[in-house]
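> Okay, here's the structure, questions in a sec.
The values are calculated or read from the model by the stated rules, or taken from the named source; none is laboratory data. All values derive from a computational prediction rather than experimental measurement. Ideal geometry is used to build each Cβ from the backbone, glycine not excepted, and the neighbour counts take in all protein chains shown.
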Amino acid sequence: MKRQPLWRISVVTTPEAEDAVAELLGRLLGEGASSYYDVENQSSQVSVYRPQAPPSSARLRQALKTGLQRLRDCGLEPGWGTVTLRRVRHEDWAESWKRHFKPIEVGRSLLIKPSWSRRRPKPRQQVVVLDPGLSFGTGQHPTTASCLKEVTRHVGKGASRSFLDIGTGSGILAIAAAKLNYQPVRAFDFDPDAVRIARENAKNNGVNLRLTRADVTRLPRRPARRYDLVCANLISPLLVAERKRIISLLNQGGTLVLAGILKTEFSAVQAAFEAAGGVLQRTESRQEWQSGAFHFAKKAPLTAKKV
Ligand SMILES: C[S@@+](CC[C@H](N)C(=O)[O-])C[C@H]1O[C@@H](n2cnc3c(N)ncnc32)[C@H](O)[C@@H]1O
């Protein structure tokens with residue numbers, strides 16, 4: 001049976017105005033809007049799919065223009081709010097979610113791409129192939145993207161460094177680290193599905209990692225081994241509560257990358273880790289998230305001050 005084409009009405013906006021624009025577009029067209037964040041352009045596209053074109057595109061554009069101006073009046077910056085109206089084949093729509101998962105280049109050394117992408121790596125670029133699955137981590141999320149940037153930062157600078165990923169999800173950070181010659185690479189997650197999926201992903205990428213099931217809250221206070229670079233993309237309360245255990249996993253002179261922190265919570269997390277001997281070296285904000293890379297010059301004190 002031949003299916004009718006669909007109409008896609010999209011507005012390009014800023015990440016901060018994404019929710020408000022989705023609400024506006026959905027209300028004007030009487031359909032739920034979907035949105036996705038384009039990591040490369042750092043913009044958001046909000047779209048509605050419907051069986052008919054809007055009765056008057058001129059009227060829709062005018063109503064959107066008025067609505068976007070109202071958002072500006074309320075202090076939200078929606079950008080230019082460029083509107084596109086396009087007829088799409090049903091098949092294209094069914095496949096459209098794949099467009100949300102575009103290849104991502106992290107610095108010059110790493111390319112993360114889904115299996116259906118034909119993108120070729122540049123010379124000396126390592127490739128991680130990952131499809132969206134049940135576990136967190138395709139590189140599209142701002143918190144993962146910040147961690148990946150830190151993982152690539154130390155590439156090619158002398159002897160290989162050891163790496164630990166706390167809460168590995170899909171295994172993306174650990175797989176990237178292994179591809180970039182960190183050694184040894186260890187990762188764990190308390191979710192058995194995440195461990196299973198991360199193992200499959202590691203196998204598909206031809207890397208050999210130590211991937212185990214473990215809960216950060218139950219780790220021994222004196223670990224058997226320590227690492228040069230530790231990534232913990234978790235949530236702020238867990239990071240703060242388990243800071244002693246997390247820091248104890250770090251080698252002297254090592255770097256700890258913390259992510260999964262809302263911008264509004266960052267200063268409290270920073271204070272907690274600085275009181276425990278860390279020095280914030282870099283911090284990065286992406287959308288509502290803020291990450292930080294902390295240097296620990298001395299062996300971490302196991303009696304961090306309470307904050
Ligand atoms: C935000 S995801 C990060 C995944 C991946 N590392 C990344 O950067 O994309 C957080 C992961 O931490 C895991 N996690 C949450 N609490 C944990 C705990 N107490 N111990 C171990 N893993 C935990 C979750 O199952 C999830 O896979």
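> Could you pull out the residue among Asp215, Asp165, Asp191 that is near the ligand (Cβ under 8 Å from one of its atoms), among the charged types (D, E, K, R) and at pLDDT below 95?
Details: Asp215 fails: at pLDDT below 95; Asp165 fails: at pLDDT below 95.
Just one listed residue meets the conditions, Asp191.
> Here's something else I'd like to know. hydroxyl-bearing (Ser, Thr, Tyr), within 14 Å of the ligand (Cβ to nearest atom), over 27 Å from Arg286 (Cα atoms) and touching a helix residue (DSSP H, G or I) at 6+ places or on another chain (Cβ under 8 Å): does that describe Thr138?
Criteria not met by Thr138.
> Counting only residues that are among the β-branched types (Val, Ile, Thr) and under 27 Å from Ser43 (Cβ atoms), which one in the range 258-292 is nearest to the chain's Cα centre (by Cα)?
If we take residues in the range 258-292 being among the β-branched types (Val, Ile, Thr) and under 27 Å from Ser43 (Cβ atoms), then Ile261 is nearest to the chain's Cα centre (by Cα).
> What tally of residues in the range 231-256 results from selecting those that are part of a loop (DSSP other than H, G, I, E, B), more than 10 Å from the ligand (Cβ to nearest atom) and over 13 Å from Phe163 (Cβ atoms)? First the steps, then the outcome.
Initial filter on the range 231-256 (part of a loop (DSSP other than H, G, I, E, B)): 234-235, 242, 249.
Now narrow it down to the ones that are more than 10 Å from the ligand (Cβ to nearest atom): 249.
So of that shortlist, the ones also over 13 Å from Phe163 (Cβ atoms) come out as none.
Count: 0.
> Here is a follow-up. In the range 252-264, how many are out of contact with any helix residue (DSSP H, G or I) (no Cβ under 6 Å at 6 or more places or on another chain) and crowded, with 18+ Cβ neighbours inside 10 Å? Can you show your working first?
Applying the first criterion (out of contact with any helix residue (DSSP H, G or I) (no Cβ under 6 Å at 6 or more places or on another chain)) to the range 252-264 yields 252-256, 262-264.
Subset that is crowded, with 18+ Cβ neighbours inside 10 Å: 254-256.
Selection size over the range 252-264: 3.
> Moving on. Since Ala224 meets every condition but one in (1) away from the ligand (no atom under 16 Å from the Cβ); (2) at positive phi, which condition does it not meet?
(2)
> Quick check on Ala271: is it in a strand (DSSP E or B) and in contact (Cβ under 8 Å) with a residue 24 or more places away in the chain?
Numbers: in a strand (DSSP E or B): no; in contact (Cβ under 8 Å) with a residue 24 or more places away in the chain: yes.
In short, no.
> Which residue out of Lys122, Lys149 is more than 13 Å from the ligand (Cβ to nearest atom) and not hydroxyl-bearing (Ser, Thr, Tyr)?
Values: Lys149 fails: more than 13 Å from the ligand (Cβ to nearest atom).
From the options Lys122, Lys149, the qualifying one is Lys122.
> Here is a follow-up. Would you kindly identify the strands (runs of 3 or more DSSP E) lying entirely within the range 135-230 that contain at least 3 residues that are within 19 Å of the chain's Cα centre (by Cα) and in contact (Cβ under 8 Å) with a residue 60 or more places away in the chain?
Values: elements: 163-166, 185-189, 210-213.
Ranges flagged: 163-166.
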